[in-house]
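Structure first, commentary second.
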Amino acid sequence: MLSRLSAATIAPAAEYLALARHTLKRLLEAPALLDRICIERKPGAYTRNLIYGDDRITVYAIVWAAGSQTSIHDHHCSCCFGVLSGAIRETWYETVDANHAVPTKNFVRETGHIAGMLPSGPNLHKMTNDAADEAISIHIYGYASETRPSSIDCEYLLSDQRNA
């Protein structure tokens, strides 16, 4: 299933995203797949646990401890994710300059939610676990984890400005 998705990275964007969503749906329906990997957890932080990686895609199970969050960031590659358990707040942002961004929308992504973004954007966001319990999500990124440390392209600071 994941090797088929990897091969589809050269397909047209809409076709790749449809297959990525289908793959995430199947992964969310099979939570026992996590029983085969050592899941790392860190209090107050999120942890990426490699499920699969090749020269085109990297798949992580991300464990979100209570209160954990990412930076405000965008991606250099496609970014597709599905919520396996719990809920994650995703905040979308718009840039106001090269280093700062303002929030534009908030969404609570609950168990079963699936999303997909291409690097052409918009894909500037921040992920937060506001709950008292951990959440777990599965992320499929369009890059080789052996060649880059993460899917993050740029990180931004929160601006106090508001777009007019």
### Extension gain from L50 to E146, taking 0.36 nm per residue of separation minus the Cα-Cα distance
33.4 nm
### Summary
Rounded to the nearest whole number, the per residue volume of the convex hull around the C-alpha atoms of the chain in Å³ is 117
## Note on the structure
For E134, the residues 5 or more places away or on another chain with a placed amide H closer than 5 Å to its own amide H are A66
### Message
Could you list T111, T147 so that the one with the fewest beta carbons within 10 Å of its beta carbon is first and the one with the most is last?
### Response
T147, T111
### Query
Taking the Cα centre of the stretch 2-158 as origin and charging only Cβ (+1 Lys, Arg; -1 Asp, Glu), how large is the dipole, in debye to the nearest 20?
300
### Query
Highest GNM mean-square fluctuation, the chain, Cα pairs closer than 10 Å: which of I39, I114, I62?
I39
### Message
Cut-off is 10 Å between beta-carbons; in what order do K126, K25 appear when sorted fewest neighbours first?
### Response
K25, K126
### Task
Sum up the charges of everything whose Cβ sits under 9 Å from the Cβ of N106, counting Lys and Arg as +1 and Asp and Glu as -1, but leave N106 out.
+1
### Query
Under a Cβ-Cβ cut-off of 15 Å, what is the net charge of the residues other than W64 that fall near it, where Lys and Arg count +1 and Asp and Glu count -1?
0
### Residue among S145, A30, G44 farthest towards the positive dipole end of the chain, charges placed on Cβ
A30
### Query
For the chain, what's the relative contact order in percent, using C-alpha pairs closer than 8 Å and at least 6 residues apart?
29
### Message
Cut-off is 10 Å between beta-carbons; in what order do S68, S150 appear when sorted fewest neighbours first?
### Response
S150, S68
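Throughout, read-outs are computed from the coordinates displayed, never taken from laboratory work. Everything numeric here is computed off the predicted structure, so don't read it as measured data. Using ideal geometry, Cβ is built from the backbone for each residue, glycine included, and neighbour counts are taken over all protein chains shown.
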